[in-house]
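Read the figures in this text as sums done on the coordinates, not as results from a lab. Owing to the predicted nature of the structure, the values given are computational and were not obtained by experimental measurement. Reconstructed Cβ throughout: ideal geometry from the backbone, glycine too, with neighbour counts over all protein chains shown.
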Amino acid sequence: MKINSGNNKQIFDLFKSNFLVRVFFYFVLLCLVWSIRFPFIFRKIYAEDGELFLADALRFQFPLDLLHPATGYSQLIQRLGGRFVSMFPLEYAPMVCGIFSALCLSFFAAGVFQYNNFITQDIWPRFILSLTLIFLPLTSYSAVGNVANLYVFPTVASAILLYHNESTKKAIWYKSAVYLLATLSLPLSAFLLPIMLHRSYLDRKVSGRWKLQHSDVAYLIGLFTQFIFIMVTSLGERLPHSPSSPLKTIYLYLDRGIGISTIPKWGFVSGSSGSVKYDGTVFFLQSPAIRMVAVLAVLACIASIYIKSRKALSNRIQSQIFFIIFLGFIYSILVGLFFNLEPRYMIFVSFLTCWALLLLFESQPNRRLRSALNIYLVIVLMLGLNASAHRSQGPNWDAEFLKAKIACQSDSNLTEVRIRTIPVDAFWEMTIPCEKLKNSN
């Protein structure tokens, strides 16, 4: 069969130049992959998706639900997700949650593909970077296909966008929108401020002066608004705890920030030192000592690649690579010591690792080595498409919804009913007014 190279070039050009085409492509890809590897996304309601965001959307009028604090701070993107789901029949809530999540991720991936800090215009490193954002292995533990953990992704996307030197109004508007979603959904987006300052510093070395980009103003306004919101509504609700073990923090950084991003079938580790639990991990990696040896071996390989190719790397890219890695380490140490390095919080660090690697791979003078390294990273992503028991096991929404509806119909005195949701390792349930159930199909 003869392949028409002209048509293929037109398709590639359309993908590269048309934002909506890219959004549609990523959306279809996500729905297809999720349907095959994570079918439970469209059948189960996860944690705060039901108990908090959807329940509050049913309880409060718009936009009052957006102004209601959740766990001590503003969570704009989750509130928007809850409102979006509430606009459809409740029996389809899991499917609508999945669709909203896929739309958001597609929106971020389409922008990251275009507005990044790669030097060349080669489509593949940018495409792999966008795939990394939507298929990062660590997201499979708890952040795949739900509204509750969407707040991590605009922060991840913003890290890339802050290094991009904008030159069009489209870039300014897009980046500003993502920055506002990031800052008004997660206070930890404050860790992006050093990236903005570092980019300004690198620009100063060229132009001789410090300068802000237009979209930087949106980031600063959003960050300021988030902390004003916390002070007015929830000051003191989320205080740091006494410092955790430094050794545990460093271990989790290496495990969740480096290992799962660079080694296929790494899986998830949880529990305590006396009772370690592994989920989705190949048998020979089910040992903390072996996992650390594997991570150190990978780091040695990466260091060797850097040493052999550093002459081909521009000073700007070298500075960005080291800064990205350093930022991920500092973030892990501070969050790990005074809060908790839960998988959803380490998605940011895991992505920084992949981003730094792609910047290193892009500058490889040996084309075959560059292609092999990129293919290896894609393999890591593909083999990481394994759901954890935490995210996948538990009651289906349709069965629980039907039981709740029957209960409301059979008892006229019942005003509200509770529906059990996932995960099953903690007790989660959603309260729904019977009036909402009686009006459903």
field: Whole-Hz ³J(HN,Hα) from phi, Karplus 6.51 cos²θ - 1.76 cosθ + 1.60, for the stretch 118-129, glycine and proline x
entry: 6, 7, 7, 9, 4, 6, 5, x, 5, 5, 5, 4
- request: Identify which of Phe348, Phe427, Phe153 has the largest mean-square fluctuation in a Gaussian network model of the chain, with springs joining Cα atoms closer than 10 Å.
  value: Phe427
message: For the chain, what does the helix formula give at 222 nm: sum of -39500 (n - 2.57) over DSSP H segments with n ≥ 4, over the residue count, nearest 500 deg cm²/dmol?
response: -19000 deg cm²/dmol
task: Search the structure for amide H atoms under 5 Å from the amide H of Ile422, placed 1.01 Å from N in the peptide plane, and list their residues when 5 or more places away or on another chain.
output: Ile45, Ala47
- request: For the stretch 7-76 and the stretch 159-198, write down the distance between their C-alpha centroids in whole Å.
  value: 19
- prompt: So which residue, out of Thr225, Thr139, Thr183, gets the largest mean-square fluctuation from a GNM of the chain using Cα contacts under 10 Å as springs?
  reply: Thr225
message: With a 10 Å cut-off between alpha carbons and a GNM built on the chain, which of Thr262, Thr415, Thr233 moves the most?
response: Thr415
message: Taking the 0 to 90 degree range and rounding to the nearest ten, how far is the long axis of helix 93-114 tilted relative to the main principal axis of the chain, both from C-alpha atoms?
response: 20
message: Please give the Cα centre distance for the stretch 425-439 versus the stretch 267-314, rounded to the nearest Å.
response: 42
task: Take peptides 305-315, 95-105 and line them up by average Cβ neighbours within 10 Å, highest first, as a rough protection proxy.
output: 95-105, 305-315
Folded to 0 to 90 degrees: helix 19-37 orientation relative to the chain principal axis, Cα: 60
No Cys partner within the rule (Cβ under 4.7 Å), the chain: Cys31, Cys97, Cys104, Cys301, Cys354
field: R0 of 51 Å, Cβ-Cβ distance Thr233-Lys9: FRET efficiency to nearest 0.05
entry: 0.45
task: Read phi for every residue in the stretch 295-303 and hand back ³J(HN,Hα) as whole Hz from Karplus 6.51 cos²θ - 1.76 cosθ + 1.60, θ = phi - 60°, with x for Gly and Pro.
output: 5, 5, 5, 5, 4, 5, 5, 5, 4
statement: Net charge (Lys, Arg +1; Asp, Glu -1) of residues whose beta-carbon lies under 10 Å from that of Asn165, Asn165 excluded, is -1
message: Please compute the alpha carbon radius of gyration of the stretch 288-441, then divide it by the globular-protein estimate 2.2 N^0.38 Å. Two decimals is fine.
response: 1.64
query: Tilt of helix 193-207 relative to the longest C-alpha principal axis of the chain, in degrees (0 to 90, nearest 10)?
result: 30
message: I want to check the label-to-label distance for Ile333 and Ser314. Put each point 7 Å from Cα in the C-beta direction and report it in nm to one decimal.
response: 3.0
- request: Hey, can you grab everything whose amide H is under 5 Å from the amide H of Glu416? Only 5+ residues off in sequence or another chain; H modelled, so Pro and N-termini drop out.
  value: Cys434
task: Assuming R0 = 45 Å, can you tell me the calculated FRET efficiency for the pair Leu414 and Asn18, based on Cβ-Cβ distance, to the nearest 0.05?
output: 0.30
query: Which ³J(HN,Hα) values in Hz, rounded to whole numbers, follow from the phi angles of the stretch 257-263 under the Karplus curve 6.51 cos²θ - 1.76 cosθ + 1.60, where θ = phi - 60° and Gly and Pro get x?
result: x, 10, x, 5, 8, 10, 10
statement: Excluding residues fewer than 8 positions from Lys265 in its own chain, the lysines with Cα under 18 Å of it are Lys277
